[in-house]
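Structure, as structure tokens:
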Amino acid sequence: MADIVQEATEYRIKQIELAEAKYYKTLTSTLDRIEREVVSLANRDLPTQDGKLIELQAAVAIRPKIKQIVDAEYLPFADQVVREGFNKQAKRIEKAFKRIGNIPVEFQELTKGDLQLIQNLKQQYYTQFKDVSNTFTRRLSEKVYQNTLVGSDFADLEKELRQTINGIYASSDDVEANRLISFIEDNKFKKSMQSSVDKAVQKLQSKFARDRAGENIKRYAGQILNDSLRDFDATLNFNKANDAGLTFVKYYGDVIPTTREICRNVVNGVYDKRPSGLFTIDEVNKLWASRSWSGKKAGNPLVVRGGYNCRHQWSYVNPDWYDSSGELII
């Protein structure tokens, strides 16, 4: 028979991936607008002489204007993610609980406690998005001031502003660089294209001297987008399962070349104690506490999972749903 727990979990994961791809496109267009508007503002408001920045007073006065641009463009994007994105994923979790079915009816639907948790999570992650806005408004303003203080060429400031906003994906006059950027953005979320995307990124880094690891709005906002959608799903799922008295879990998600060893091993059954591949919550806590790996996040392993950018999810089950060979029988 079909494994409805696996199907329900893979449905949740797939919908998160689709939502992330959708919102990442919105983020890309948002940051491209911010990049254009901030550079245009600097070009208009910062006096130069022979191409060099000359007036500190203008550099100080531009900060509230930069903040206005960043807030006006970026905060509506953040609001859309936490309002629309979280609401839709909450409904998918509710749908998954109803589909599995073998859970008390009062816990299959979203409860008052669930709705309060959803509201709290919205506020928490919106604050994280807003912190990025505040941090990079300050950094953009500092770039302007520091470059003006030493009389840098405006072209040097422009490059720093663009890369502080978009990092490796900053606009340029080079046709090939822009072509690579478009290719990466168009195929970033296509699993079949990951090898080609990685090669394009490497070429962009090596040929055009662009640093992927640099601190920029796109990097941090993109990570919050990824983790907020998945952590929200995991937190609400954990809360509903706890209310329903489900204390066993099973791990789901694809194994790809970049999958962390801990996730690969759990998905592939390396640590299994039961034919069904189920773990108690206590067993998961002990397993996570006994190991370290790159990208591991502090917190409840049922929520943070493999860490930053992890694409796996736990599902909560009752061991009575499985027969002695580990097959689902509900």
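The values are calculated or read from the model by the stated rules, or taken from the named source; none is laboratory data. Keep in mind that this is a model prediction, so the values were computed, not measured. Methodologically, a virtual Cβ is constructed for each residue, glycine included, from the backbone with ideal geometry; neighbour enumeration extends over all protein chains shown. Ligands, DNA and RNA are excluded from the accessible area calculation, which covers all protein heavy atoms including side chains. Shrake-Rupley method; radii C 1.70, N 1.55, O 1.52, S 1.80 Å.
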Unmet criterion (only one of (1) at pLDDT 95 or above; (2) surrounded by 13 or more Cβ atoms within 10 Å (Cβ to Cβ)) for Asn87: (2)
Residue in region 224-246 that is open to solvent by less than 10 Å² (accessible area, probe 1.4 Å) and either free of Cβ contacts under 8 Å to residues at least 60 places away in the same chain or of a type in the set (Val, Ile, Thr) (or both) present: no
Residue count for region 228-247, restricted to those that are over 15 Å from the mean Cα position of the chain (by Cα) and of a type in the set (Asp, Glu): 1
Given (1) at pLDDT below 90; (2) open to solvent by less than 90 Å² (accessible area, probe 1.4 Å); (3) in a helix (DSSP H, G or I), index of the condition Lys95 fails: (2)
Subset tally (residues that are at pLDDT 90 or above, among the small types (Gly, Ala, Ser) and farther than 19 Å from Tyr252 by Cβ) for region 296-330: 2
Residues within region 136-187 that are in a helix (DSSP H, G or I), hydroxyl-bearing (Ser, Thr, Tyr) and at pLDDT 95 or above, tallied: 4
Those residues of region 286-308 which are in contact with a strand residue (DSSP E or B) (Cβ under 8 Å, 6 or more places away or on another chain) and either touching a residue at least 60 places away in the same chain (Cβ under 8 Å) or open to solvent by 80 Å² or more (accessible area, probe 1.4 Å) (or both), in sequence order: Leu302, Arg305
Check on Leu236, part of a helix (DSSP H, G or I) and either modelled with pLDDT under 90 or touching a Phe, Trp or Tyr at 6+ places or on another chain (Cβ under 6 Å) (or both): no
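Is it fair to say Ile262 is in contact (Cβ under 8 Å) with a residue 40 or more places away in the chain and surrounded by 20 or more Cβ atoms within 10 Å (Cβ to Cβ)?
yes
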Residue pairs meeting the criteria (Cβ under 7 Å; at least 6 apart or on separate chains; first over 20 Å from Arg162 (Cβ atoms), in region 181-196; second of a type in the set (A, V, I, L, M, F, W, C) and in a helix (DSSP H, G or I)): Asn187/Met193; Asn187/Val197; Phe189/Ala21
Test: residue in region 13-25 that is open to solvent by 60 Å² or more (accessible area, probe 1.4 Å), without any contact (Cβ under 8 Å) to a residue 40 or more places away in the chain, in a helix (DSSP H, G or I) and touching a helix residue (DSSP H, G or I) at 6+ places or on another chain (Cβ under 7 Å): no
